Amino acid sequence: MIMKMYTAGSWDSWCKDIDAQLHLPEAIIQLIQSFLTRKEAASTVVLSKPWYKAWLTRPVLDFDEHDFPNVVQFLNFATTSMERYHESNLNIDTFKLWMDADDSYSFSRAIELIVNALKIGAVDFNVELDLPFSFPLPKEVFESKPLVELSVNGCIISDVDVICSRLKSLSLLMVHIEDSMIRRIILNCPRLENLLLYNCNGIDEVNVGRMVNIKNLCYYQGVTTTMRGKIPLIRFEEKGSTAEFCRLTSLLLERVKIDEMLFSDFSSKFPCVKNLKVHHCLGCVNFDISSHSINSISLAHMMRLKIRLDVPNIHKFKFSGATNIPLLYVVPAASMEWESNIALSCWNNLRVWWFLELNDFLTNLCTSKITLGIELMRVRDAECLPEFAGNFKPMVENLTLQVNSLLSDGGVALADGLCWSFRPKFINLHLNNTKDRRSHTITELQKQSNEFVLILSKKLMYPVRLQDLEQANIEILEDEQWRPLDPITFHNDVARMEKDVHIRFQLSWRQH
């Protein structure tokens, strides 16, 4: 066999050669075109008549106004394409539409395209109209029996008949929909496997207890959405008790209300969940999660949580919170590699108890590879216990510090407290040395950030109480490469750089 080499720009040559040698069936050509972008697929029509015919009869109609110089040409092309399919008695599988319908004429034409797509058999439906108002979704959409997948953005869904019993995937993004219509969809779409509700309004309560076939459930409410209206309640009940979701593998909840007892007896209710994400949800601060199926957990809350984890197959644990560090207990499991990613935004002064709680929290995660990020927002003071040899100091793979407040002592107590709580292998800091355009000077906060780096470097490069610190180096990131800095002169070197600077300390600790 003679192998030909094709360059990145010789796609047309490759297609012509393949077409000439294999005489590809139309279905195979359309499959190839389906993996290409809209423009790439359209460009294949010049290769040969079979490729041109395959493109004209492809089962995927993907209309995007961005691909056309103006809306008139776009609408003419879309309308002509739809008419060709209708006149040739051709059906489609997938219909996608994005357009900026900023006037009544464009809007009415867009609605015609949606209705006509349903008439020629579209089962996978994705519609996004960029409008200055929410548009009413045509009732024909939920009356389409063949419909399998539906994704709509920015519309109003009124109470209409729901006949699409084959529907398996539903994504509603920034949609206005009432409780009664949600209930109707759940009751009349028993095959529903994927449900996404993103920044929807009009919903007070959703009960997903009857969705026995659900595999992926995501309910997300953004900050602005929850500020404008009520926080919706999501229930998982069937006949007064929590239902069992035997097929659910992914559960993602953000800024919704949930029941306090949702996570009790977790493995019985959700025996197959692999991915769990609960961020800033009201009603539940206790998480007792026991599961052999879970491999990823992400929790976030401003209040103090109580977390108990019995998850022997966990791969990744993430937590994001404020000054309130969770009470955590991890049930010991068989040795396996897993990661924990912790992000703390501190808005209050850091007292002794905060460093104690941080030490306890990280100690419970010590069997994982810990990545820790600490952002100081309004912290003025920090205090810590004196260093002593009795407390266990868990190893942290990577610590990222961001100091956005002026510390009364320049950061001495902060540096002491962090070294008392754990042992980091790397400490990353970002310094902004860019001068103000008007005063041509750096701010007091920028000056203190530089001062804190100097304090931290003295503690690490010339340790007195850190008896288990074997080696410390300081590096700077330049041109995506880490370069060593002289510990004696680095502070002056960095201060002279009028730009954002990323430096890190690389530390080696004696193993106990």
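Which condition does residue 292 not pass, out of (1) more than 22 Å from the chain's Cα centre (by Cα); (2) more than 27 Å from residue 369 (Cα to Cα), if it passes all the others?
(2)
Restricting to segment 303-319, name every residue that is crowded, with 17+ Cβ neighbours inside 10 Å and in contact (Cβ under 8 Å) with a residue 24 or more places away in the chain.
Answer for segment 303-319, where residues must be crowded, with 17+ Cβ neighbours inside 10 Å and in contact (Cβ under 8 Å) with a residue 24 or more places away in the chain: 314, 317, 318, 319.
Of the residues 304, 255, 210, which is among the basic types (Lys, Arg), closer than 25 Å to residue 155 by Cβ and in contact with a Gly (Cβ under 9 Å, 6 or more places away or on another chain)?
255
Name the one entry in 370, 342, 374 that is at pLDDT below 95, open to solvent by less than 20 Å² (accessible area, probe 1.4 Å) and outside any loop (DSSP other than H, G, I, E, B).
After ruling out the rest, the residue left standing is 374.
Looking at (1) over 24 Å from residue 346 (Cβ atoms); (2) within 24 Å of the chain's Cα centre (by Cα), can you tell me which one residue 268 breaks?
(2)
Quick test for you: out of 115, 141, 152, pick the one residue that is in a strand (DSSP E or B) and among the β-branched types (Val, Ile, Thr).
152
Given 226, 242, which one is at pLDDT below 90 and open to solvent by less than 50 Å² (accessible area, probe 1.4 Å)?
Matching residue, one of 226, 242: 226.
Note down all Cβ pairs under 8 Å where the first residue falls in segment 65-82 and is free of Cβ contacts under 8 Å to residues at least 24 places away in the same chain, the second is part of a helix (DSSP H, G or I), and they're at least six residues apart or on different chains.
That search, which allows pairs on different chains as well, returns 68/74; 68/77.
Just to verify a result, which residue in segment 434-449, among those that are surrounded by 17 or more Cβ atoms within 10 Å (Cβ to Cβ) and either farther than 16 Å from residue 403 by Cβ or under 33 Å from the mean Cα position of the chain (by Cα) (or both), is modelled with the highest pLDDT?
If we take residues in segment 434-449 being surrounded by 17 or more Cβ atoms within 10 Å (Cβ to Cβ) and either farther than 16 Å from residue 403 by Cβ or under 33 Å from the mean Cα position of the chain (by Cα) (or both), then 449 is modelled with the highest pLDDT.
Name every residue in segment 175-190 that is among the β-branched types (Val, Ile, Thr) and under 23 Å from residue 128 (Cβ atoms), in order of residue number.
175, 177, 182, 185 - these are the residues of segment 175-190 that are among the β-branched types (Val, Ile, Thr) and under 23 Å from residue 128 (Cβ atoms).
Looking only at segment 290-302, decide whether some residue is at pLDDT below 90, open to solvent by 10 Å² or more (accessible area, probe 1.4 Å) and among the small types (Gly, Ala, Ser).
Among the residues of segment 290-302, not one is at pLDDT below 90, open to solvent by 10 Å² or more (accessible area, probe 1.4 Å) and among the small types (Gly, Ala, Ser), which makes the answer no.
Can you tell me which residue in segment 63-88 is surrounded by the fewest Cβ atoms within 10 Å (Cβ to Cβ), limited to those that are of a type in the set (A, V, I, L, M, F, W, C) and touching a strand residue (DSSP E or B) at 6+ places or on another chain (Cβ under 9 Å)?
Taking the candidates together, the pick is 77.
Any chance you could count how many residues in segment 155-197 are assigned to a strand (DSSP E or B), open to solvent by 30 Å² or more (accessible area, probe 1.4 Å) and of a type in the set (A, V, I, L, M)?
Residues in segment 155-197 being assigned to a strand (DSSP E or B), open to solvent by 30 Å² or more (accessible area, probe 1.4 Å) and of a type in the set (A, V, I, L, M): 3 in total.
What single numbered condition from (1) open to solvent by 60 Å² or more (accessible area, probe 1.4 Å); (2) modelled with pLDDT under 80; (3) not small (Gly, Ala, Ser) fails to hold for residue 91?
With (1) open to solvent by 60 Å² or more (accessible area, probe 1.4 Å); (2) modelled with pLDDT under 80; (3) not small (Gly, Ala, Ser) applied to residue 91, the lone miss is (2).
Hey, among the residues in segment 103-154 that are of a type in the set (Phe, Trp, Tyr) and open to solvent by 10 Å² or more (accessible area, probe 1.4 Å), which one's nearest to the chain's Cα centre (by Cα)?
Of everything passing the filter in segment 103-154, 133 is nearest to the chain's Cα centre (by Cα).
When you scan segment 131-143, do you find a residue that is closer than 17 Å to residue 171 by Cβ, among the hydrophobic types (A, V, I, L, M, F, W, C) and touching a residue at least 40 places away in the same chain (Cβ under 8 Å), even just one?
Among the residues of segment 131-143, at least one is closer than 17 Å to residue 171 by Cβ, among the hydrophobic types (A, V, I, L, M, F, W, C) and touching a residue at least 40 places away in the same chain (Cβ under 8 Å), which makes the answer yes.
The values are calculated or read from the model by the stated rules, or taken from the named source; none is laboratory data. Quick caveat: nothing in here was measured; it's all calculated off a predicted structure. Cβ coordinates were reconstructed from backbone atoms using ideal geometry, including for glycine residues, and neighbour counts include every protein chain displayed. Accessible surface areas use protein heavy atoms only, side chains included; no ligands, DNA or RNA. Shrake-Rupley method; radii C 1.70, N 1.55, O 1.52, S 1.80 Å.
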